[in-house]
């Protein structure tokens, strides 16, 4: 135990001495701080765009120009619908000139009350201006048709749009309130495993490449070395993750007065302490599971440059877990999601997402974390054997499957014990 703690302490210090770790932590902390300050930044720019006299900012309809080519629709009818003064141009050429000069963003030629031509320089994917104009014309045409039949449009509106009160009782979880928080946590865990998995596999391969491993094995056991390395990288990742979360909380507290109520509800409405406990528990166990795999694969190569190809299968496996969890955000009750929440290699992401978005019985949580913990223990045992085997191999890299066969082969039992 003392050897494991010694290795762990040494590795942890070396992790936080790395310039890459320090720079990455600072950059990510700055990014999170800026991200949490976006509402304040938007407010600052909004204040700059307001007029000196304290008038309201220019409305969206004042960036739209019109050319009326027919008497079937008048300026007064359309401006009444939008309750603002519209920009009118004499002809199509003057309208295009204004758009090219960026005086306005959108232009419309009203041929008649049922036909319009839209003119823009670049059309945005999510532009809603066209639909606003279409809705206005449909409403105006409807009112004219009703008046032609001696029907008061106001009475039709009063009958058509009756308010309906919805009282909602949620017995389980509200997925809509947990969507954003689930996605943020899912992406954070993905980055955590990928980053520190690469750290631990590269560290093992480098020690083997420069023959440091030979000296270390004579000083302590392979068991202490690999467990110490894995635990150090696991703790290092959680510390870095904790620093970034702390910076994010500080940024939120400093800027919360500028946050819209909707954003606060989207982020925190789905938060609960039991969900946080499930997330931390599954992340810690699953994170350790993957680090043991990365460490064992790093010991199977003789050169640092071979680490990427050696760890590709486990990286692909974790990416599958990420895609399943991304799918779970939209369909948390799907069959593939339920199955994925029990598979130890995917449960690290899928089960917490399931728990955030829908009700999960306690027995399912216990079974899932139990399977993951048993798999982590089994992989730790296998990783120790593979690490011992890899430390004695300086030829071509050995595949993970071949290494498994070798450590359980009768002729190699003495070699790896």
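What to note about this one:
- Out of 137, 95, 147, sole residue that is surrounded by fewer than 14 Cβ atoms within 10 Å (Cβ to Cβ), in a helix (DSSP H, G or I) and modelled with pLDDT of 85 or more: 147
- Counted as qualifying within the range 255-357 are the helices (runs of 4 or more DSSP H) with 3 or more residues that are within 30 Å of residue 203 (Cα to Cα), namely 273-298, 307-330, 344-357.
- Remark: residue 104 matches the filter, which requires a residue to be surrounded by 13 or more Cβ atoms within 10 Å (Cβ to Cβ), within 38 Å of the chain's Cα centre (by Cα) and in the same structural domain as residue 65 (by TED's automatic domain parsing).
- Residue match in the range 315-332 (condition: more than 21 Å from the chain's Cα centre (by Cα) and surrounded by fewer than 17 Cβ atoms within 10 Å (Cβ to Cβ)): no
- Matching residues, the range 286-305, being farther than 20 Å from residue 11 by Cβ and touching a helix residue (DSSP H, G or I) at 6+ places or on another chain (Cβ under 7 Å): 286, 302, 303
- Matching option when the condition is buried (at least 18 other Cβ atoms within 10 Å of the Cβ), touching a helix residue (DSSP H, G or I) at 6+ places or on another chain (Cβ under 6 Å), assigned to a helix (DSSP H, G or I) and at pLDDT 85 or above, among 230, 189: 189
- Sub-8 Å Cβ pairs linking a first residue in the range 94-111 that is in contact (Cβ under 8 Å) with a residue 24 or more places away in the chain to a second residue that is part of a strand (DSSP E or B) and loosely packed, with under 14 Cβ neighbours inside 10 Å, at least 6 apart or interchain, are 108/117; 109/117; 111/117, ordered by first then second residue.
- Unique residue being modelled with pLDDT under 80, part of a helix (DSSP H, G or I), over 21 Å from residue 117 (Cα atoms) and more than 27 Å from the chain's Cα centre (by Cα) when the list is 47, 53, 76: 47
- Some residue of the range 265-280 being at pLDDT 70 or above, within 24 Å of residue 310 (Cβ to Cβ) and buried (at least 20 other Cβ atoms within 10 Å of the Cβ): no
- Within the range 81-92, restricting attention to residues that are touching a residue at least 12 places away in the same chain (Cβ under 8 Å), outside any strand (DSSP E or B) and out of contact with any helix residue (DSSP H, G or I) (no Cβ under 6 Å at 6 or more places or on another chain), the residue that is surrounded by the most Cβ atoms within 10 Å (Cβ to Cβ) is 92.
- Extreme residue, nearest to residue 280 (Cα to Cα), among residues of the range 336-366 that are modelled with pLDDT of 85 or more and exposed (fewer than 14 other Cβ atoms within 10 Å of the Cβ): 366
The values are calculated or read from the model by the stated rules, or taken from the named source; none is laboratory data. This structure is a prediction, so every number in the text was calculated from the model and none was measured. Note that we place each Cβ from the backbone using ideal geometry, even for glycine, and neighbour counts take in every protein chain shown.
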